[in-house]
Amino acid sequence: MTRMRNAVHPTVLRGAVAGACLIALVGCGSGSGGADAAGGSDEAALALSEQPTVDDVPKLAIQDMPAFPIEKYLPAVGDDARIAAASGEFIRVCMARFGYAYKVPAINQGTLDSQENGANRVRRYGVSGATFADTYGYHLPQAGAQPAPGAEAQPMSETENKIFIGDQDPANGAEAGAKVAGKVIPPGGCSGEAQRKLGIKQRQRMAEKINNVSFARSQENPQVKKALNAWSKCMERSGHPYKSPLEPLNDIQGESAKPAEIATASADVACKDSVNLAGTWFAIESSIQEELISRNEEVLVADAKMFDSLVRRASAKIDKAG
């Protein structure tokens with residue numbers, strides 16, 4: 001694997017959670033996982049007693065979807081960005097000891113301040129909001145934005161790779177205690193050293209698992225299936241034969257929306273609102289989350305405390321470096 005000089009190693013990065021989530025987040029290692037740490041299995045911790053039925057489904061426009069119950073426990077994008085920035089600074093210092101320059105990825109203040117999270121309400125059920133659809137279609141506002149000159153990442157050399165990842169990756173050929181320029185590569189390379197200095201430990205990540213599972217299980221729910229079928233029929237009547245609101249996202253082409261895409265997205269939002277898809281889906285998924293949160297609350301609280309402590313350490317590092 002070719003790594004980039006201004007990239008944070010995968011052991012410091014974690015993918016964003018789930019179904020509709022498109023946001024890249026920074027996390028704390030893979031972890032052997034939530035329920036196991038609590039003495040149970042993920043299968044038991046994330047199993048539903050039964051598919052819920054919601055009798056009093058709220059009327060809800062897709063653009064007005066409120067927060068999901070699990071969002072109380074999901075890391076914010078801004079907090080993950082702070083961890084990435086702090087980790088990158090430790091990596092930079094470590095790489096410099098071996099005579100290599102490492103450029104810490106730039107993170108703008110808007111990202112650091114962002115309270116968005118893996119629930120990704122803006123895209124969880126596909127395009128949301130008539131104004132958004134009429135302007136961007138299925139594209140995101142930043143789609144097509146060009147990086148600043150000189151911002152492109154440069155591939156690492158073989159030696160830099162060894163220093164960066166160390167003995168975490170056997171393919172690098174850097175065994176424990178290996179040296180470069182007479183200096184011992186730290187365990188796990190500079191990325192491993194960064195994790196230790198920042199205090200990154202394995203996280204249970206139960207919140208992310210619940211976020212994923214609730215989205216997947218909700219699509220199996222009879223009420224949601226009925227609402228999705230009604231949406232699909234509405235779209236077909238409008239000349240857009242889709243079975244799921246997520247399908248059109250696979251058809252995005254080009255850097256900006258063409259008139260045909262905007263027409264489809266506008267019909268999509270109108271059909272969602274006409275069949276109350278957001279109200280039904282949100283009610284069912286929230287019910288699923290509430291059951292899983294209740295079963296795993298102790299793990300969720302412990303995980304959140306661990307992460308909050310990590311964010312404070314990362315913020316202190318950023319402030320000191322600044």
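Numerical summary
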{"quantity": "From the options SER232, SER218, SER191, SER214, residue that is surrounded by fewer than 21 Cβ atoms within 10 Å (Cβ to Cβ) and either hydroxyl-bearing (Ser, Thr, Tyr) or in contact with a Gly (Cβ under 6 Å, 6 or more places away or on another chain) (or both)", "calculated": "SER232"}
{"quantity": "Segment 102-130: number of residues that are part of a helix (DSSP H, G or I) and either within 18 Å of the chain's Cα centre (by Cα) or without any contact (Cβ under 8 Å) to a residue 24 or more places away in the chain (or both)", "calculated": "5"}
{"quantity": "Residue that is farthest from ARG124 (Cα to Cα) [pool: residues in segment 245-298 that are of a type in the set (Lys, Arg) and assigned to a helix (DSSP H, G or I)]", "calculated": "ARG295"}
{"quantity": "Selection from segment 136-179 of residues that are surrounded by 11 or more Cβ atoms within 10 Å (Cβ to Cβ), at pLDDT 80 or above and in contact with a strand residue (DSSP E or B) (Cβ under 8 Å, 6 or more places away or on another chain)", "calculated": "PRO155, MET156, THR159, LYS162, ILE163, ALA178"}
{"quantity": "Test for ALA230: is it part of a helix (DSSP H, G or I) and at pLDDT 95 or above", "calculated": "yes"}
{"quantity": "Segment 66-77, subset within 18 Å of ARG205 (Cβ to Cβ) and not aliphatic (A, V, I, L, M), residue surrounded by the most Cβ atoms within 10 Å (Cβ to Cβ)", "calculated": "PRO75"}
{"quantity": "Segment 303-322 - residue that is surrounded by 16 or more Cβ atoms within 10 Å (Cβ to Cβ) and among the small types (Gly, Ala, Ser) and, of those, nearest to the chain's Cα centre (by Cα)", "calculated": "ALA304"}
{"quantity": "Criterion (in a helix (DSSP H, G or I) and without any contact (Cβ under 8 Å) to a residue 24 or more places away in the chain) met by exactly one of ALA44, ALA86, ALA133, ALA81", "calculated": "ALA44"}
{"quantity": "Residues of segment 186-227 that turn out to be in contact (Cβ under 8 Å) with a residue 40 or more places away in the chain and part of a loop (DSSP other than H, G, I, E, B), as a count", "calculated": "11"}
{"quantity": "Test result for GLY99, more than 23 Å from the chain's Cα centre (by Cα), assigned to a loop (DSSP other than H, G, I, E, B) and either modelled with pLDDT of 90 or more or among the small types (Gly, Ala, Ser) (or both)", "calculated": "yes"}
{"quantity": "Residue satisfying all of: in segment 235-247; surrounded by 13 or more Cβ atoms within 10 Å (Cβ to Cβ) and out of contact with any helix residue (DSSP H, G or I) (no Cβ under 6 Å at 6 or more places or on another chain); nearest to ALA61 (Cα to Cα) among these", "calculated": "PRO245"}
{"quantity": "Criterion: surrounded by 15 or more Cβ atoms within 10 Å (Cβ to Cβ), modelled with pLDDT under 95 and polar (S, T, N, Q) - qualifying residue of GLN204, GLN289", "calculated": "GLN204"}
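The values are calculated or read from the model by the stated rules, or taken from the named source; none is laboratory data. Please read all numbers here as calculations on a predicted model, not as lab measurements. Cβ coordinates were reconstructed from backbone atoms using ideal geometry, including for glycine residues, and neighbour counts include every protein chain displayed.
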